[in-house]
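In what follows, a single structure is set out as structure tokens and then discussed.
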Amino acid sequence: MSVVAQFEIHHSRFLDEHGRAVEGLPAFARDPANLVALYRCMVLMRAYDAKAIALQRTGQLGTFASLLGKEAIEAGVGSAMTQDDVFLMTYRENGVQLMRGVTLKEMLLYWGGDERGSDYAGPRRDFPICITIAAHATHAVGVAYAMKLRREPRVAVCAIGDGATSKGDFYEGLNAAGAWKLPVVFVVTDNQWAISVPRAKQSAARTLAQKAIAAGIEGVQVDGNDVIAVRHAMDQALAKARSGSGPTLVEAITYRLSDHTTADDASRYRSPDELAEAWKREPVLRLRTYLTGLGAWDKAKEDALLKECNEQVQAAAQAYLDTPPPTAEQMFDHLYAQLPAALARQRAAALGKSVEE
Ligand SMILES: Cc1ncc(C[n+]2csc(CCOP(=O)(O)OP(=O)(O)O)c2C)c(N)n1
Ligand SMILES: [Mg+2]
């Protein structure tokens, strides 16, 4: 017998949970100004998240999926992508959207059940939220195929959860991406839970990154609570995809610090000790500790930033609340360029009219 194939999965981390640099930093992270910019985005994400939950709890927003705990993944992914890339997300990536120019008001409109919230004024080619778990892995492959056919130096980035990696669509997407060497990056938020199903029951695979191996794709694992590690892995994966060298799967290890959504109560299925342990590794404090140690951050700056973020979020919430609700026929206006006849009839009925056949 001989060994015909051997694989390794590498884990990377630059900042440990105490906010100490444990590796030589990549070039972008050696300039504290770049890290401060990422930190500011992460704090804004957290302020938005808290406001969205408060709006839901007071009956002013629909069910909301919190991103609490994955701010470093959001900032790392969002800052690495260019405006020409295309982002395909599930429902927990409002942070990346924010960095790509989707407005806080648009995001709140979406969670308020208003389709106009998916009609982004900013990144027009980014996809709307895909609630159907893993379905957008195949969409991402389609987008990347189009980019390759047109010889465009662009990349499709597909954000997906740990639970979603058990779905057939995910494997199908990975396989096609590998076989066709497409410019696509899969970012798996491995947050240890898929609603109430823990990571240990989700897959017997030691890592989720290794799922890439069977598709002939490179798979890497990063500490998803370390924004430098996420950003660095994304920089490498995007450059590789852009140069025609094919896809990468980035598994980012983190922890879902919130309930699954506002419709969930995670205390029914996970221990408070596990949650308390996870808070010790959280990404925002980690980066703040590092920046404070460098002398690039202090309490006055923190207070000013919190005030600024809260004001920004408050203004967006007010703009959302001041938006008149969509009229009934508008529910037909955001799915098709040309409405099929059956839906045209329903739209007319919603308007109280009839249409000619
Ligand atoms: C096809 C499909 N099946 C089931 C669901 C219900 N569902 C919503 S979220 C979720 C769990 C997803 O977990 P994971 O991929 O780990 O993402 P996370 O919520 O942790 O970010 C499930 C099963 C769905 N939305 N779509
Ligand atoms: Mg999960």
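The values are calculated or read from the model by the stated rules, or taken from the named source; none is laboratory data. Not measured: the values here are computed from a predicted model. Cβ placement follows ideal geometry from the backbone for every residue including glycine, while neighbour counts extend to all protein chains displayed. For the accessible areas, the whole protein counts, side chains as well, though only heavy atoms, and no ligand, DNA or RNA atoms are used. Shrake-Rupley method; radii C 1.70, N 1.55, O 1.52, S 1.80 Å.
For Phe7, the accessible area of its heavy atoms, probed at 1.4 Å with every protein chain present, is near 140 square angstrom. Per-residue surface analysis assigns Thr292 an accessible area of about 70 Å², computed on protein heavy atoms at 1.4 Å probe radius. When each of the peptides 263-274, 312-323 is scored by the mean number of other C-beta atoms lying within 10 Å of its residues, the order from highest to lowest reads 312-323, 263-274.
Each part reduced to its alpha carbon centroid, segment 155-176 and segment 281-344 end up 26 Å apart. Between Phe28 and Ala121, the FRET efficiency from the beta-carbon distance, with R0 = 41 Å, is close to 0.90.
For the peptides 298-307, 279-288, what is the packing order when you average, over each peptide's residues, the other Cβ atoms within 10 Å and list the highest mean first? Could you put the intermediate results ahead of the total?
Numbers: 298-307: 11.8, 279-288: 19.0.
Order by mean packing, descending: 279-288, 298-307.
Over all other residues within a Cβ to Cβ distance under 14 Å of Asp333, the charged ones net out to -2, with Lys and Arg as +1 and Asp and Glu as -1.
Place the peptides 179-185, 50-56 in order of packing, highest mean first, counting for every residue the other Cβ atoms within 10 Å and averaging per peptide. Walk me through the intermediate numbers first.
Values: 179-185: 22.7, 50-56: 19.1.
Sorting 179-185, 50-56 by mean packing, highest first, produces 179-185, 50-56.
Per-residue ellipticity at 222 nm for the chain, helices alone: DSSP H runs ≥ 4 residues times -39500 (n - 2.57), over residue total, nearest 500 deg cm²/dmol? Can you show the working numbers first?
Values: 12 runs with 151 residues, N = 357.
Roughly -13500 deg cm²/dmol at 222 nm, from the helical runs in the chain.
Extending 7 Å from Cα along the Cβ direction at Ala328 and again at Thr58 yields two label points whose distance is 3.1 nm. With the dipole of the chain worked out from charges on the C-beta (+1 for Lys and Arg, -1 for Asp and Glu) around the Cα centre, which of Ala47, Tyr110, Ala75 lies farthest toward the positive end? Going by the Cα projections, it comes out as Ala75. Highest GNM mean-square fluctuation among Asp31, Asp259, Asp16, for the chain modelled with Cα contacts below 10 Å: Asp31. When +1 charges are put on Lys and Arg Cβ atoms and -1 charges on Asp and Glu Cβ atoms, the dipole computed for the chain relative to its Cα centre reaches about 460 debye.
What is the chain by shape, rounded, prolate or oblate, if you read a ≥ b ≥ c off the alpha carbon gyration tensor as root eigenvalues and call it rounded for a/c under 1.5, prolate for a/b larger than b/c, and oblate otherwise? Cα axes put the chain in the oblate bin.
What's the FRET efficiency of Lys201 with Ala319 using the Cβ-Cβ distance as r and R₀ = 41 Å, to the nearest 0.05? Numbers along the way, then the final one.
Details: r = 42 Å, r/R0 = 1.03.
Between Lys201 and Ala319 the formula returns 0.45.
Please give the net charge around Asp264, taking every other residue with its beta carbon less than 12 angstrom from that of Asp264, where Lys and Arg add +1 and Asp and Glu add -1.
Values: positive: Arg256, Arg268, Arg270; negative: Asp259, Asp265.
Here the count lands on +1.
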